[in-house]
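Where a number appears in this text, it was derived from the coordinates with a stated rule and is not lab data. All values reported here derive from a predicted model rather than from experimental measurement.
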Amino acid sequence: MIAPKATVTINNTSSGWIVADTVINPGGEWHFVYQNLLLPLEVTVEAEKRLDDAAPDRETEFTFLLESWDGIQWVEAERTENFEGQILFRETFHAPGTYYYRVSEVPEGGAYQ
């Protein structure tokens, strides 16, 4: 995970690499493994939507956009809806390299602005 301007909170045991501005670990374990990864590599980019410090209910949907940087501009990679606050994007890497992604909420009107 490369999120140099973000705060990353580790709530569960997991593994890999983290590059972030701040890492908060209230009790999860993080293991530095996978030095020899095989390609293609499937990864999940996960985020969380909160409303007044709580997850939205099942009926309250928001749209989120995952964009990738192609070296010149941001290009739409995927759109998804939240499910009870959870936002998941799945990407597959086919070659070693540095990849940049941006996640944003798509303003589509409705009950929330």
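Here are the numbers:
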{"item": "Relative contact order for the range 1-70, counting Cα pairs under 8 Å that sit 6 or more residues apart, in percent", "result": "22 percent"}
{"item": "In Hz, Karplus ³J(HN,Hα) per residue of the range 13-29 (6.51, -1.76, 1.60; θ = phi - 60°; x = Gly, Pro)", "result": "6, 7, 8, x, 10, 10, 10, 8, 5, 9, 10, 10, 10, x, x, x, 9"}
{"item": "Shape category assigned to the chain from the gyration tensor of Cα positions, a/c cut at 1.5", "result": "oblate"}
{"item": "DSSP bridge pairs, the chain: antiparallel proportion in percent, nearest 5", "result": "75 percent"}
{"item": "Added length on full extension, which subtracts the Cα-Cα distance from 0.36 nm per residue, R90 to V8", "result": "27.7 nm"}
